[in-house]
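A.B. asks: Okay, handing you the structure first.
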Amino acid sequence: VQLVESGGGLVQPGGSLRLSCQASGFPFSTSTMNWDRQAPGKERELVARITWLGVSTTYPDSVKGRFTISRDNAENTVYLQMNNLKPEDTAVYYCNVKISGNNYWGQGTQVTVSS
């Protein structure tokens, strides 16, 4: 299993970023995919989930209406569009998949929201 995140960076409050996760080594098209994040001193938390057909998505209240997860099964890629970013969104963002009961994460991509 390999997950490679990209697209992070420094953005001002109210700005937008689009994260990408290129996946390989497992049946991507039939796997539920997640985006998690971890801020300094805090536990890792789920910020978005998408089922294998993309029919169902899930978001916590903290990002609902601002973040959108999507996927391209032909490209084995999952995306996270983040709009109206806030300083509290600053964290390392990870792509995640659970295969046969085991969780896998990529190396993460840093998102910093600051003026």
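A.B. asks: Output the number of the condition that R44 fails; it satisfies all remaining conditions of (1) within 11 Å of the chain's Cα centre (by Cα); (2) among the basic types (K, R); (3) open to solvent by 20 Å² or more (accessible area, probe 1.4 Å).
C.D. replies: R44 satisfies every listed condition except (1).
A.B. asks: Can you pull out every residue in segment 16-36 that is crowded, with 16+ Cβ neighbours inside 10 Å and either farther than 17 Å from S100 by Cβ or out of contact with any strand residue (DSSP E or B) (no Cβ under 9 Å at 6 or more places or on another chain) (or both)?
C.D. replies: Of everything in segment 16-36, those that are crowded, with 16+ Cβ neighbours inside 10 Å and either farther than 17 Å from S100 by Cβ or out of contact with any strand residue (DSSP E or B) (no Cβ under 9 Å at 6 or more places or on another chain) (or both) turn out to be L17, L19, S20, C21, Q22, W35, D36.
A.B. asks: Give segment 1-18 a look and list any residue that's within 16 Å of T77 (Cα to Cα) and either in contact with a Ser or Thr (Cβ under 6 Å, 6 or more places away or on another chain) or at pLDDT below 95 (or both), or say none.
C.D. replies: Q2, E5, S6, G7, G8, listed by residue number.
A.B. asks: If R49 satisfies every condition in (1) of a type outside the set (A, V, I, L, M, F, W, C); (2) free of Cβ contacts under 8 Å to residues at least 40 places away in the same chain; (3) in a loop (DSSP other than H, G, I, E, B) but one, which is the exception?
C.D. replies: Every listed condition holds for R49 apart from (3).
A.B. asks: What's the total number of residues in segment 49-74 that are buried (at least 16 other Cβ atoms within 10 Å of the Cβ) and at positive phi?
C.D. replies: Going through segment 49-74 one residue at a time, the tally reaches 0.
A.B. asks: Out of the residues in segment 76-94 that are within 22 Å of G41 (Cβ to Cβ) and under 9 Å from the mean Cα position of the chain (by Cα), state the one that is least open to solvent (accessible area, probe 1.4 Å).
C.D. replies: Of everything passing the filter in segment 76-94, Y93 is least open to solvent (accessible area, probe 1.4 Å).
The values are calculated or read from the model by the stated rules, or taken from the named source; none is laboratory data. Computed from a prediction, not measured in an experiment: that's the story for all the values here. Counting neighbours? That spans all protein chains shown, and the Cβs are built from the backbone with ideal geometry, glycine included. Just so you know, the surface numbers come from the protein's heavy atoms only, side chains and all, with ligands and any DNA or RNA stripped out. Shrake-Rupley method; radii C 1.70, N 1.55, O 1.52, S 1.80 Å.
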